[in-house]
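Heads up: the structure comes next, in structure tokens.
The values are calculated or read from the model by the stated rules, or taken from the named source; none is laboratory data. Treat the numbers as computed from the prediction; the structure is a model and nothing was measured. Neighbour counts are summed over all protein chains in view; Cβ atoms, including those assigned to glycine, are modelled from backbone coordinates with ideal geometry. These area figures cover heavy atoms from the full protein model, side chains too; ligands, DNA and RNA do not enter into them. Shrake-Rupley method; radii C 1.70, N 1.55, O 1.52, S 1.80 Å.
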Amino acid sequence: MDILTRALTAIAFGSVGVVVILGGILWSVERFGGRRLRRVARPWVFLGPLGLIIGVLVVLPTIRTVYLSFMDRAGREFVGVENLIWAFTSDTALIALRNNVLWVVVVTGLTVVIGMLVAIISERVRFPRLFRSIVFMPMAISAVGASVIWKLVYTYRPETSEQIGLFNQILVWLGSEPMAVFTQAPWNNFFLMWIMVWVWTGFPTVVFAAALRTVPSELVEAAALDGASQPTIYFSVVFPYIRSTISVVIIATVVTVLKVFDIIRVSTNGLYDTNVIANEMIQQSFRLLDSGRGSALALVLFLIIAPLMWLNAREMKAQR
Amino acid sequence: MTSTRTHTPSRVLTSPGRSPWGVALGALAVVISLVWVIPTIGLLVTSVRTKEAASQTGWWTVFGEFAPTLDNYFEVLQGSATQAGFLQATINSLAIAVPSTVIPLTVAVFAAYGFSWVDFRGRDTMFLFVLALMIMPVHMALVPLLSGFSRGVSVGEVVIIPALNQPLLAVWLVHTAYGLPLAVYILRNFVAALPKELIDAARVDGANEFQVFVRIVFPLTIPAIAAFGIFQFLWVFNDYLIPVIFLGLDPGTAPLTVRLADMAGTLGEDQHLLAAGAFISMALPLVVFFSLQRYFIQGLTAGAVKE
């Protein structure tokens, strides 16, 4: 009970608190302020909280991380580009970089292609919503939960004993030897990527399904009258029409894949050559307490994502 | 978000084909569905098997003689002398997720109004900047944030921001900061689309901004609030990175994801308990998802589909 009371108090404090503070400021300014004050204060009242939170919790720490990436492990002595050199030359970091490239290519490719297939097929099957919900379900659960689900599927037992993981049982049924999925480099990487594909495919699916419905039927029918085959209609009419949706989905997927951390942490903890930048960044910063190297890795991640942030903001603004 | 313009999909592309093409696509749909569903079924079955059964045979062998047990769930919910229970972890998850949803929503409703109905210089630039932050990786700020919250921020000897030794509050604020850009985007699109006459009429009638905001804008914005709220709640409830960094394994605050990840590391062989724990951590998100799927998907797809 004690725990419950504490939790409820915290929830009430946090949730009611913010409403009271922001609402209170607005109410007092409008109630007591003169005409001039009200006009001058208005942008601050509505956008001040946003600016303050973004400034203090996003902008300042980001600048600080850039600074720390040029400092030693304790953040005291300036070491120049030493950490960045480490981030591009050490074996640990290079494996992580290699894996990130693989993850981006494989996971983005598979999720976008499977997602588009599911969206297209779901318009033709008897239970379109059910089909999409099945593929989408993993998006609702945590990556940690998804990793546990697949950990059970991938469980390995030596050949002599009975298999309790479905994947290895299928291998045995097919007449091959069971496989220690998580420890066999480099293939283990692909099995981890598959977890992400299973989780994420629902996103492209629902976005594409919504986008397909915006394609004017006149366009499609005109193409059909001209004698175009179905694949041709998709590639020359439908996909070009929803091009900007496809690019937003690709950007979102690439960024999500670059940030992947939970799946690795729960499955292999980056061992057996499965490390990725985000996981190594956490290891360096919070396990090995080397804020210089950790920050350098964060900076690498940021520099890869930065152009995408720009592209994404432009697409979003154009679409609103 | 306001009114998605949809067309009836053309018959050309939806006719359920009896052609080989149509049959092949149908078969593919069945295969994909099976691959997506079977792992979760395996988890469910494993979670109601005994320790002996789960460690000796595969879950697919149970059909025929099957005596499901809920003991694993009781054991996991309660915890043990050395391990925190999942019941407490569930409560901790809620204590993180509810404020981490309400705070950004409130701030974003204010900001959405500001971006739509208050004129000031630099408004568009600021909005574009916030949009760019939508995919900003939180990794870029973790080290300074953690030390900032626990030790404060000072330049030389001068303390600028005092230490804030409230890990729970820190988690709320970090989730708020990184959830805000999406919230602002969704809400701004919605608030900006409200009819200008409605707001002008209220102003002419002598309503001040507080009254316009509370009586007109807020009630009309509820659908967008629901869309972002459900999305953010599930996102925070399922997040692992931020709580594991800011709260760690402290049983008094660690949420389900942290607890489950710890269990997966230490109880690798106790699959019956691991499965029960995983299912407990999925239960609430699944209920929310299946009952409010429409809103969740709206929050998720906002901005990606041309309207």
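Among all positions in the stretch A:175-188, there is at least one residue which is assigned to a helix (DSSP H, G or I), crowded, with 16+ Cβ neighbours inside 10 Å and of a type outside the set (A, V, I, L, M, F, W, C). Can you confirm whether B:Leu260 is under 25 Å from B:Phe296 (Cβ atoms), in contact (Cβ under 8 Å) with a residue 12 or more places away in the chain, open to solvent by 10 Å² or more (accessible area, probe 1.4 Å) and in a helix (DSSP H, G or I)? No, not satisfied.
Of the listed requirements (1) of a type in the set (A, V, I, L, M); (2) open to solvent by less than 20 Å² (accessible area, probe 1.4 Å); (3) more than 9 Å from chain B (Cβ to nearest Cβ); (4) assigned to a helix (DSSP H, G or I), A:Val260 misses just one: (4).
Looking across the stretch B:93-125, the residues that are assigned to a helix (DSSP H, G or I) and within 7 Å of chain A (Cβ to nearest Cβ) come down to B:Leu94, B:Ala95, B:Val98, B:Pro99, B:Val102, B:Ile103, B:Thr106, B:Val107, B:Phe110, B:Ala111, B:Tyr113, B:Gly114.
Could you list, in sequence order, the residues of the stretch B:186-232 that are part of a helix (DSSP H, G or I), polar (S, T, N, Q) and open to solvent by 20 Å² or more (accessible area, probe 1.4 Å)? Across the stretch B:186-232, the qualifying residues are B:Asn189, B:Gln211. Scan the stretch A:153-167 for residues that are facing chain B (nearest Cβ under 9 Å) and surrounded by 18 or more Cβ atoms within 10 Å (Cβ to Cβ) and the total you get is 6. In this structure, does B:Ala275 turn out to be free of Cβ contacts under 8 Å to residues at least 24 places away in the same chain and either open to solvent by less than 20 Å² (accessible area, probe 1.4 Å) or of a type outside the set (D, E, K, R) (or both)? Answer is no for this residue. Taking the stretch A:225-254 as the range and being part of a loop (DSSP other than H, G, I, E, B) and open to solvent by 40 Å² or more (accessible area, probe 1.4 Å) as the test, the residues that pass are A:Asp226, A:Gly227, A:Ser229.
The single condition from (1) away from every other protein chain (no Cβ under 12 Å); (2) buried (at least 17 other Cβ atoms within 10 Å of the Cβ) that B:Ile245 fails is (1). Checked against the criterion of being closer than 25 Å to B:Leu260 by Cβ, β-branched (Val, Ile, Thr) and surrounded by fewer than 24 Cβ atoms within 10 Å (Cβ to Cβ), the candidates B:Thr101, B:Thr106, B:Thr82 yield just one match: B:Thr82. One residue stands out among those in the stretch A:16-28 that are at the interface with chain B (Cβ under 8 Å from one of its Cβ atoms) and under 17 Å from B:Gly206 (Cα atoms): the one that is least open to solvent (accessible area, probe 1.4 Å), which is A:Leu26.
Inclusion of B:Gly79 among residues that are at the interface with chain A (Cβ under 9 Å from one of its Cβ atoms) and either out of contact with any helix residue (DSSP H, G or I) (no Cβ under 8 Å at 6 or more places or on another chain) or among the small types (Gly, Ala, Ser) (or both) is not warranted. The C-beta contact set for the stretch A:22-46 (first residue without any contact (Cβ under 8 Å) to a residue 12 or more places away in the chain and in a helix (DSSP H, G or I), second residue surrounded by 15 or more Cβ atoms within 10 Å (Cβ to Cβ) and charged (D, E, K, R), distance under 6 angstrom, 6+ apart or interchain) comprises A:Glu30/B:Glu209.
Scanning the stretch A:45-72 for residues that are open to solvent by 30 Å² or more (accessible area, probe 1.4 Å) and facing chain B (nearest Cβ under 7 Å) gives a single hit, A:Arg64.
For the criterion of being facing chain B (nearest Cβ under 10 Å), over 16 Å from the mean Cα position of the chain (by Cα) and of a type in the set (A, V, I, L, M), A:Met309 fails.
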